[in-house]
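Q: One structure follows; several queries about it will come next.
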Amino acid sequence: MSDFRSDTVTRPSAAMREVMSSAEVGDDVLDGDPTVEALQESVARWVGKERALFVPSGTMANQVALGAWTRAGDEIVVEAAAHIANWEGGAAGYLHGVQTRTLVGAGGALDPEAVRGAIQPASVHCPQTTLVCIEQTHMGSGGRVVPLEALQAVHRQAYSASIPVHMDGARLANAVAASGIAASEWAATADSVSICLSKGLGAPVGSVICGDADFIERGMVVRKRLGGWMRQAGMIAAAGKMALEENVERLTEDHDLARSLATKLNAFDILHCPPDEVETNLVMVGVNSPRFDADDLAQELAAHGVRVLPLGREILRFVTHMDVGPEDVEKLDAALLDILG
Ligand SMILES: Cc1ncc(COP(=O)(O)O)c(C=O)c1O
């Protein structure tokens with residue numbers, strides 16, 4: 001199967017498995033795990049923050065941030081298509097008693113004026129706005145890199161109202177590879193940042209949440225309550241450390257492949273995905289046909305050995321990653337020719 005559903009499907013290489021099996025480990029909860037600590041230090045350094053915490057998933061990293069920054073009854077401002085607002089099972093309300101105020105952005109970028117307008121006045125009648133969330137890269141807009149100036153403007157706006165900014169940087173490494181701008185420069189536009197090691201970077205599991213020492217102290221309490229403090233986690237932290245050290249630059253290969261995939265797909269009448277809108281490894285493809293909706297086409301492709309993810313009736317998501325290459329794009333192209341004629 002050629003699997004374009006997500007960059008989470010990659011399997012650890014033989015070298016990564018070797019690093020995992022030889023990792024030095026300890027009980028991270030009792031006395032610390034040296035490999036987890038080494039990973040946390042290197043991610044904190046990479047994003048230019050004081051400290052970092054290793055957690056099992058990107059969802060938990062974001063939810064640790066929400067729990068550390070907010071109290072029940074608060075409101076957070078978040079872009080309407082963001083993962084935090086749409087794909088975390090309503091965790092903001094379920095776990096923290098926090099409501100979300102969503103703003104429609106442009107290519108993932110929030111309008112700073114709209115952010116200003118969304119911040120609630122200090123009043124006994126209103127929820128208090130205590131966090132603004134941004135996402136880099138922005139999944140809902142097809143992996144767009146939100147421009148640095150746009151993020152800086154939102155940060156300035158939030159800062160002037162004394163409200164912290166959390167960056168869901170699940171794919172921050174893709175923004176770094178695509179832009180050449182350092183992770184620390186991107187992360188300086190936020191007070192906390194989460195990154196995923198198990199997406200394009202290719203580790204089997206793990207995310208990291210970073211911020212200043214006070215934030216991390218509060219975050220440790222939230223992680224404990226969520227059951228996310230792991231024991232001999234050095235085995236997976238070792239894979240994450242290797243992924244960060246070795247796999248950031250190679251993400252440009254995924255981005256090039258995504259553009260060539262979009263060029264091929266856009267040539268089919270019923271598919272819409274302008275290649276010049278593809279900036280990283282995600283390609284959102286519009287399907288417009290009386291014969292097929294996105295689900296039908298995904299099923300047809302699966303029968304031809306190609307897996308893709310339908311998002312609703314009219315969108316198919318394709319993601320490039322280290323376990324697919326040009327030959328998989330050729331196979332996809334041949335399958336579509338066969339299906340669509
Ligand atoms: C932008 C973004 N944030 C957070 C997550 C959550 O990561 P996880 O699946 O590890 O919980 C994802 C997962 O796809 C994502 O795309």
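The values are calculated or read from the model by the stated rules, or taken from the named source; none is laboratory data. Just so it is clear, the model here is predicted, and its values are computed rather than measured. Neighbour counts run over all protein chains shown; Cβ positions are idealised from the backbone, glycine included.
Q: Looking for something over 29 Å from Gly227 (Cβ atoms) and within 14 Å of the ligand (Cβ to nearest atom) - is there at least one such residue anywhere in region 89-105?
A: Within region 89-105 (the criterion being over 29 Å from Gly227 (Cβ atoms) and within 14 Å of the ligand (Cβ to nearest atom)), the answer is yes, since at least one residue qualifies.
Q: Scan region 36-53 and tell me whether some residue there is within 16 Å of the chain's Cα centre (by Cα) and assigned by TED's automatic domain parsing to the domain that holds Val124.
A: yes
Q: From the list Ile181, Ile163, Ile195, which one is of a type outside the set (Lys, Arg), within 25 Å of Thr280 (Cβ to Cβ) and away from the ligand (no atom under 16 Å from the Cβ)?
A: Ile181
Q: In region 240-277, how many are among the small types (Gly, Ala, Ser), surrounded by 19 or more Cβ atoms within 10 Å (Cβ to Cβ) and more than 18 Å from the chain's Cα centre (by Cα)?
A: 1
Q: Checking Ile195 against (1) more than 22 Å from the chain's Cα centre (by Cα); (2) surrounded by 18 or more Cβ atoms within 10 Å (Cβ to Cβ), which test does it fail?
A: (1)
Q: If the requirement is being within 29 Å of Ala203 (Cβ to Cβ), in contact with a Pro (Cβ under 7 Å, 6 or more places away or on another chain) and surrounded by fewer than 24 Cβ atoms within 10 Å (Cβ to Cβ), which of these qualifies: Ala91, Ala38, Ala81, Ala109?
A: Ala109
Yes/no per residue for (1) free of Cβ contacts under 8 Å to residues at least 24 places away in the same chain; (2) in a loop (DSSP other than H, G, I, E, B):
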{"site": "Arg291", "(1), (2)": "yes, yes"}
{"site": "Glu300", "(1), (2)": "no, no"}
{"site": "Asp323", "(1), (2)": "no, yes"}
{"site": "Glu330", "(1), (2)": "yes, no"}
{"site": "Asp338", "(1), (2)": "no, no"}
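Q: Then there's this: Do we find that Val29 is touching a helix residue (DSSP H, G or I) at 6+ places or on another chain (Cβ under 6 Å) and more than 16 Å from the ligand (Cβ to nearest atom) in this structure?
A: no
Q: Let me ask you something else. Can you tell me which of (1) in contact with a helix residue (DSSP H, G or I) (Cβ under 6 Å, 6 or more places away or on another chain); (2) within 16 Å of the ligand (Cβ to nearest atom) is the one Val77 doesn't meet?
A: (2)
Q: Moving on to the next point. Taking only pairs six or more apart or across chains, which ones have beta-carbon atoms under 6 Å, a first residue in region 137-151 that is over 18 Å from Ala85 (Cβ atoms), and a second residue that is within 12 Å of the ligand (Cβ to nearest atom) and among the hydroxyl-bearing types (Ser, Thr, Tyr)?
A: Val145/Thr137
Q: Still on this structure, please answer the following. Taking the options Ala188, Ala153, Ala203, name whichever one is within 16 Å of the ligand (Cβ to nearest atom) and aliphatic (A, V, I, L, M).
A: That would be Ala203, the only listed residue that is within 16 Å of the ligand (Cβ to nearest atom) and aliphatic (A, V, I, L, M).
Q: Right, something else. On the given criteria, is Pro147 in the same structural domain as Met242 (by TED's automatic domain parsing), closer than 21 Å to Thr280 by Cα and either away from the ligand (no atom under 12 Å from the Cβ) or touching a strand residue (DSSP E or B) at 6+ places or on another chain (Cβ under 6 Å) (or both)?
A: yes
Q: Right, something else. Check region 27-40 and report whether any residue there is in contact with a Leu (Cβ under 7 Å, 6 or more places away or on another chain) and in a helix (DSSP H, G or I).
A: Within region 27-40, one or more residues are in contact with a Leu (Cβ under 7 Å, 6 or more places away or on another chain) and in a helix (DSSP H, G or I).
Q: How many residues does region 246-267 contain that are in contact with a helix residue (DSSP H, G or I) (Cβ under 7 Å, 6 or more places away or on another chain), closer than 15 Å to Gly142 by Cα and charged (D, E, K, R)?
A: 1
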